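What follows is a short report on a single structure.
The values are calculated or read from the model by the stated rules, or taken from the named source; none is laboratory data. Remember, predicted model here, so these are calculated numbers, not experimental data. Reconstructed Cβ throughout: ideal geometry from the backbone, glycine too, with neighbour counts over all protein chains shown.
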Amino acid sequence: MLTIRGADVGRFRAAVAHRLGLHFDETKLGFLADVLRRRLDASSNSAAPYLNRMEGASSQRAELGELAKALTVNETYFFRHFEQFRAFLEVALPDRISARSATRRLSVLSAGCASGEEAYSLAILARDSELLTGWNLSIRAVDINPAMLERAARACFSEWSLRETPAETRRRWFISQGRNFALDPAIRAAVTFELHNLAQENSSLWQPASYDVIFCRNVMMYFTPESRQRLVDRLTEALTPGGYLFLGHAENLRGLSQDFHLLHTHETFYYQRKEGLQPAQAIAPDAKFWSPEPTNPRVSEAWATTWIETVQHMARRIHVLTAKPSPSDVPAPVASSGPDLCLALELLRTEHFEQALQLLEDLDPAQGPDFLLLRAVLLTHSGKIAAAAKVCSELLQLDEFNAGAHYILAVCQEGEGNLKGALDHDQRAAYLDPTFAMPHLHLGLLARRGGDQEAARLELAKAFHLLRHEEASRLLLFGGGFSRDALVALCSRELDRLGSRQ
């Protein structure tokens, strides 16, 4: 058997990252070694000349296609995550039709299309929609894996690929062929499949403002940070202002772009490229998570008040909130070459909220998101809910994907009696930062108050596990004055009441 050195695997991993944009961590080195060995056997090469070619200036398109077959996972099916297709049909499509009424042309890109189920699903929805009668709709589907594109072109699918396809859609657009199902030629003709590498520049694929809607789901999650950023930049440029971007459920644009509005309808998240206007008016989704209105009249007395009231009425903090600190209680200023938030953070830690707010009054608000977020937190602790919500709104104007601002705004919304708004902002915070424990804790408590025990168990269990690894600095900002142990104990107690084991 051909011996593969650790240094060869390292070079191979770097070449894969550069050529395909794919990231493999240390746990995948054995897998990469096996793939490299198979590719060397297939090409009758030793490691050095093969890796030299991979690292060279030539494109190695055929070899990249073979690597894509070996390295990428392409499990998909028709109408996968149907809630996103509903948002496409009921929000994105009507809005883009209105915007394109003069030309009556729409363009859709399925980036990372695999074996074509996503692109064909879009074509079926478009064909069934009366909105597009008399319109010219082009659907372009691209992938780096030639084997997947060959399967897409054959358009013959298994029962497994149609497992989420409505029965009426099956009858209308699929023809039984033995154990498989062939797609109607009219739908096949509606999609153009092309071989492209999303990690590389391509002027024909990424023409400016050329697409009204882009689906790029479960692609970025496999990319290196650098390749992910370049891909987002290309997607942004290629999407027309006001156009829509759909990502995978485990993907978001936090830290990658400020050129999009985050939309939340139909129990899913997606994006609209900014054009100097407010986001499109979206159709309200069906509420399947839980009803924000109390459904059980015998709500536990322990949660008859809001989470923000629980925070503000902690017995051990009432005195601190109302009393003036002695000089020895107030931390000394931190030396700094310019405005610094360290002293304000220390005042927050020692629960001198009013003093911290006064300090912020003397600082330059142009410090940006960190300044605004800390101010919102302090206002919340001090019971100034309307002022805190206003600051959060200002912050979200600067950074719409700030998970902390969404969480604080959720707490404020609950304090003002807007439970639907609280639910929405908590869900946005949890989506934008899946490691953020507090939105899940808040969602769990809201669901418990609303009588939805299943949702409460789910969210509190997530919070319980996330809290044990939550950053100390984030607990200081968002923990409501509770310690990590206290928050974990709170989740544990509530889960016990709900009859759930951690």
**Asked** Does A70 satisfy being in contact with a Ser or Thr (Cβ under 9 Å, 6 or more places away or on another chain) and either farther than 20 Å from F223 by Cβ or at pLDDT below 95 (or both)?
**Response** no
**Item:** Scope the range 469-495; condition under 20 Å from A456 (Cα atoms) and small (G, A, S); matching residues
**Value:** G479, G480, A486, A489, S492
**the range 164-177, residues that are under 33 Å from the mean Cα position of the chain (by Cα) and part of a helix (DSSP H, G or I)** = A167, E168, T169, R170, W173
**Fill in**
If you go through E400, E414, the only one that is acidic (D, E), touching a residue at least 40 places away in the same chain (Cβ under 8 Å) and surrounded by 23 or more Cβ atoms within 10 Å (Cβ to Cβ) is E414
**Request:** For D212, state whether it is surrounded by 18 or more Cβ atoms within 10 Å (Cβ to Cβ), of a type in the set (D, E) and in contact with a Gly (Cβ under 6 Å, 6 or more places away or on another chain).
**Result:** yes
**Asked** Got a sec? Which strands (runs of 3 or more DSSP E) wholly within the range 103-163 have at least 2 residues that are closer than 27 Å to N202 by Cα and either among the hydroxyl-bearing types (S, T, Y) or at pLDDT 95 or above (or both)?
**Response** 105-111, 136-143
**Contacts under 8 angstrom Cβ, first residue in the range 192-213 being in the same structural domain as E150 (by TED's automatic domain parsing), partner modelled with pLDDT under 95 and assigned to a strand (DSSP E or B), 6 or more apart** = F193/D143; L195/D143; H196/D143; A199/L22; A199/F223
**Asked** Does the range 387-408 hold any residues that are among the charged types (D, E, K, R) and within 16 Å of the chain's Cα centre (by Cα), and which are they?
**Response** D399, E400
**Request:** Tell me which of these W160 doesn't satisfy, since it passes every other one: (1) touching a residue at least 12 places away in the same chain (Cβ under 8 Å); (2) surrounded by fewer than 21 Cβ atoms within 10 Å (Cβ to Cβ); (3) touching a strand residue (DSSP E or B) at 6+ places or on another chain (Cβ under 8 Å).
**Result:** (3)
**Asked** Quick one: is A102 of a type in the set (A, V, I, L, M, F, W, C) and over 22 Å from L183 (Cα atoms)?
**Response** yes
**Prompt:** Just one of the numbered conditions (1) in contact with a Lys or Arg (Cβ under 9 Å, 6 or more places away or on another chain); (2) at pLDDT 90 or above; (3) not polar (S, T, N, Q) is not true of D496; which one?
**Reply:** (1)
**Item:** Filter result (in a helix (DSSP H, G or I), β-branched (V, I, T) and touching a Phe, Trp or Tyr at 6+ places or on another chain (Cβ under 9 Å)) within the range 3-45
**Value:** V16, V35
**Request:** State whether one or more residues within the range 83-99 are outside any helix (DSSP H, G or I) and assigned by TED's automatic domain parsing to the domain that holds D143.
**Result:** no
**Prompt:** Taking E494, is it surrounded by 19 or more Cβ atoms within 10 Å (Cβ to Cβ), not hydroxyl-bearing (S, T, Y) and not in a helix (DSSP H, G or I)?
**Reply:** no
**Fill in**
When the range 214-266 is checked residue by residue, the ones that are more than 20 Å from R140 (Cβ to Cβ), part of a strand (DSSP E or B) and not aromatic (F, W, Y) are H261, L262, L263, H264, T265
**Yes/no for T306 being modelled with pLDDT of 65 or more, touching a helix residue (DSSP H, G or I) at 6+ places or on another chain (Cβ under 6 Å) and not assigned by TED's automatic domain parsing to the domain that holds Y211** = yes
**Fill in**
In the set N180, N197, the lone residue that is over 22 Å from the mean Cα position of the chain (by Cα) and within 19 Å of A17 (Cα to Cα) is N197
**Request:** Go through A422, A429, A387, A405 for me and flag whichever is over 27 Å from R497 (Cα atoms), modelled with pLDDT of 95 or more, part of a helix (DSSP H, G or I) and not polar (S, T, N, Q).
**Result:** A405
**Message:** Condition check: outside any loop (DSSP other than H, G, I, E, B) and touching a helix residue (DSSP H, G or I) at 6+ places or on another chain (Cβ under 9 Å). Does H469 satisfy that?
**Reply:** no
